[in-house]
Amino acid sequence: FSDFIQTSLHGADFTEASMVGCRLSSVFLFNTKFDKADLSDSIMTGLRNFSNESIHASFKEAKLVNVDFRGSDLKGANFTGADLRDTDFYNCDFTNANLTDATGFNPDQPGIIFNNTTMPDGTVRTD
């Protein structure tokens, strides 16, 4: 696994990368791609400018605390068992995403799209 601490990953492409168990802390992301990446068991804290990216990734059992996903396309993303405390999902699309057993998820954030989304309690939600 890799650690990215207090750095900028401007334009980095992690498409289909295996980043199981990596640590990203206080990282600035701009035009960074994580499409179909496996970030299972990762620890991500204080990430900024994650917005407007297509992030069809696996965050299974990951710790995602205080992460800025605002405006992100999270269609098909897997957040099973993830810790999502204080994570910003404003205007995110959770179509076909899986949030089973995720903790700290706030579904009442403005603009979230739920379409065939598996919620933390296992129910499927479509608004």
Residues satisfying the stated conditions in region 37-67, i.e. touching a Gly at 6+ places or on another chain (Cβ under 9 Å), at pLDDT 85 or above and surrounded by fewer than 23 Cβ atoms within 10 Å (Cβ to Cβ): Ser40, Asp41, Ile43, Lys60, Glu61, Val65, Asn66
Search result, residues across region 92-114 that are open to solvent by less than 70 Å² (accessible area, probe 1.4 Å), among the polar types (S, T, N, Q) and more than 18 Å from Ala62 (Cβ to Cβ): Thr95, Gln109
Residues being part of a loop (DSSP other than H, G, I, E, B) and either open to solvent by 30 Å² or more (accessible area, probe 1.4 Å) or in contact with an Asp or Glu (Cβ under 7 Å, 6 or more places away or on another chain) (or both) - total across region 1-16: 9
Residue pairs meeting the criteria (Cβ under 7 Å; at least 6 apart or on separate chains; first without any contact (Cβ under 8 Å) to a residue 40 or more places away in the chain, in region 100-127; second part of a loop (DSSP other than H, G, I, E, B) and of a type in the set (Lys, Arg)): Gly104/Arg85
Test: residue in region 72-86 that is modelled with pLDDT under 90 and of a type outside the set (Asp, Glu): yes
Phe89 vs. criteria open to solvent by less than 40 Å² (accessible area, probe 1.4 Å), closer than 20 Å to Gly46 by Cα and of a type in the set (A, V, I, L, M, F, W, C): yes
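Name the single residue that is most open to solvent (accessible area, probe 1.4 Å) among those in region 68-86 being part of a loop (DSSP other than H, G, I, E, B) and more than 22 Å from Asn31 (Cβ to Cβ). Don't jump to the end; show me each part of the working.
So in region 68-86, the residues part of a loop (DSSP other than H, G, I, E, B) come out as 69-72, 74-77, 79-82, 84-86.
If we keep only those that are more than 22 Å from Asn31 (Cβ to Cβ) too, we end up with 79-82, 84-86.
On the way: Phe79: 0, Thr80: 25, Gly81: 21, Ala82: 0, Leu84: 2, Arg85: 108, Asp86: 123 Å².
Only one residue tops the list, namely Asp86.
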Residue count for region 17-27, restricted to those that are closer than 23 Å to Gly104 by Cβ, part of a strand (DSSP E or B) and open to solvent by 20 Å² or more (accessible area, probe 1.4 Å): 2
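The values are calculated or read from the model by the stated rules, or taken from the named source; none is laboratory data. Keep in mind that this is a model prediction, so the values were computed, not measured. We place every Cβ from the backbone using ideal geometry, glycine too, and count neighbours over all the protein chains shown. Calculation scope for accessible area: heavy atoms of the full protein, side chains included, ligands and nucleic acids excluded. Shrake-Rupley method; radii C 1.70, N 1.55, O 1.52, S 1.80 Å.
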